[in-house]
Amino acid sequence: MDASVITALAALTGATVGGLTSGLASWLTHRTQVRAQWASQKIIRRQELYNEFIEAASKCYVHALQHGQADIPALVELYAKLGRMRILSSPKVLESARQIERNIINTYLAPDKTFLELREMIDSGSVDLLRDFSVACRAEFESLRAQQF
């Protein structure tokens, strides 16, 4: 074999390997970026949903404390958010949200609270309907962030 042919084949092989390596590295980098972006969007969607749920549950709970007559549209909105959580959320978050819904329904069935009773509930901490839900959400977000990295 001629030395120039060997040199040309070596250069061609080197260029091919270099090109493939560069292409593979580029593809892996893009794939990693897309996965990170997808994971971030997943967290943002959940944060928005949980924020909406907290606001709706708080409004329903306040209404339930003050009125014996249920606010059906608000409860349906809350139930719809719970349905969205069934798709996205961990079982712990979902169970906490279900418990909030049950507590709100039970509060409607209980007698209306006076201002003095509300103050006692605040002092005792029994008015904090969302504590377990918040803890479950925080644990879920920490778990998602750990998976991301």
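The values are calculated or read from the model by the stated rules, or taken from the named source; none is laboratory data. Note that the structure is a prediction, hence the values are computed from the model and not measured. Virtual Cβ from ideal backbone geometry, glycine too; neighbours counted across all protein chains shown.
Can you name every residue in the range 82-98 that is touching a Ser or Thr at 6+ places or on another chain (Cβ under 8 Å) and at pLDDT below 95?
Once the filter is applied, which keeps residues that are touching a Ser or Thr at 6+ places or on another chain (Cβ under 8 Å) and at pLDDT below 95, the range 82-98 yields only 90.
Only one of the numbered conditions (1) farther than 30 Å from residue 140 by Cα; (2) surrounded by 11 or more Cβ atoms within 10 Å (Cβ to Cβ); (3) hydroxyl-bearing (Ser, Thr, Tyr) is violated by residue 16, and that is (2). For the range 106-149, filtered to residues that are among the aliphatic types (A, V, I, L, M) and touching a Phe, Trp or Tyr at 6+ places or on another chain (Cβ under 9 Å), the residue that is farthest from residue 64 (Cα to Cα) is 130. Counting only helices (runs of 4 or more DSSP H) that fall entirely inside the range 75-149 and contain at least 2 residues that are closer than 30 Å to residue 37 by Cα, in contact (Cβ under 8 Å) with a residue 12 or more places away in the chain and out of contact with any strand residue (DSSP E or B) (no Cβ under 7 Å at 6 or more places or on another chain), the qualifying elements are 91-109, 131-148.
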